[in-house]
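Notes for the one structure printed next.
Just so it is clear, none of the values below were taken in a lab; they were calculated from the coordinates. Note that this is a predicted model, so its numbers are computed, not measured. Reconstructed Cβ throughout: ideal geometry from the backbone, glycine too, with neighbour counts over all protein chains shown.
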Amino acid sequence: DAGVTQSPTHLIKTRGQQVTLRCSPKSGHDTVSWYQQALGQGPQFIFQYYEEEERQRGNFPDRFSGHQFPNYSSELNVNALLLGDSALYLCASSSRIRIIQGRIAEQYFGPGTRLTVT
Amino acid sequence: DAKTTQPNSMESNEEEPVHLPCNHSTISGTDYIHWYRQLPSQGPEYVIHGLTSNVNNRMASLAIAEDRKSSTLILHRATLRDAAVYYCILRDNFGNEKLTFGTGTRLTIIP
């Protein structure tokens, strides 16, 4: 059973460019969350997708957008890249049905995509 | 979001128990206490969670103070593979699934 997968592993972009990161959730999961982790810091929540809609959003500008596909996979798009966007981008998946059932829904994280903006 | 406070770093000898503390004095009655850890070059992974009672699983034990203002993650016999950053996180279970990470405790295991 494959866990959460992310692509690419590493990416180097230039300031002002746009980037798309991809995530496939763990089998059986329907909810995808994205986090940004700067060096030496804990991950910061960007947003969460469920049923192809953004359900929650953290304190990130509109330059950060996303999408979820019918197969539950997801993309994170960042426009007009800034040097400060250099970070590890983590995708996490979970099962919404567990929340509906009143159970704890652990989040399963992928290995991340390391984005460097020069 | 309720805040947690953890020591920046801790060291422990291999094969000895490790007690990782977390203070959460502003915890609300509906907040669960979650622990995640992040091994080097990996994404975080779930360790354990609890509400009021102490909890055990195959990875660790979670001891929760009676007033719930603090908790301790216990690794019973640390191995080199337990070297990681450990995050203590408060999270309600009413559909708010986001995890609010602090800076965590960096655990070093000494062989």
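Qualifying trypsin sites (Lys or Arg not before Pro) in region B:3-86, where qualification requires a DSSP coil assignment and no more than 13 other C-beta atoms within 10 Å, comprise B:Lys3, B:Arg58, B:Lys69, B:Arg77. For region A:52-115, GluC sites (Glu not before Pro) meeting the loop criterion (DSSP other than H, G, I, E, B) and having at most 14 other Cβ atoms within 10 Å: A:Glu52.
In order along region A:103-109, the phi-based Karplus estimate (6.51 cos²θ - 1.76 cosθ + 1.60, θ = phi - 60°) of 3J(HN,Hα) comes to 9, 6, 10, 5, 9, 10, 9 Hz; Gly and Pro are listed as x.
Set against the 2.2 N^0.38 Å expectation for a compact globular protein, the protein assembly as shown has a Cα radius of gyration ratio of 1.02.
May I ask you to derive the FRET efficiency for B:Ile74 and A:Ala38 from their Cβ-Cβ distance with R0 = 35 Å, giving the value to the nearest 0.05?
Working: r = 30 Å, r/R0 = 0.85.
For R0 = 35 Å, the calculated efficiency reads 0.70.
Cross-link reach is defined here as a Cα-Cα straight distance under 17 Å, omitting same-chain residues fewer than 8 places apart; for B:Lys69 the lysines meeting it are B:Lys3. I want to make sure I understand the PRE zone here: with the label point 7 angstrom from the Cα of A:Arg114 toward its beta carbon, which residues in region A:69-90 have backbone N atoms less than 15 Å away? Inside the label zone: A:86-90.
Spin-label model, B:Met10/A:Asn79: points 7 Å from Cα along the beta carbon direction are separated by 4.6 nm. Sparse packing (at most 13 other Cβ atoms within 10 Å of the Cβ) combined with a DSSP loop state is found for the following chymotrypsin sites (Phe, Trp or Tyr not before Pro) in region B:4-111: B:Phe94. Neighbouring Cβ atoms from other chains, within 10 Å of the Cβ of residues in B:62-73, number 0 on average.
In whole Å and largest first, what semi-axes does the C-alpha gyration tensor of chain A yield when each eigenvalue is scaled by 5 and square-rooted?
24, 14, 13
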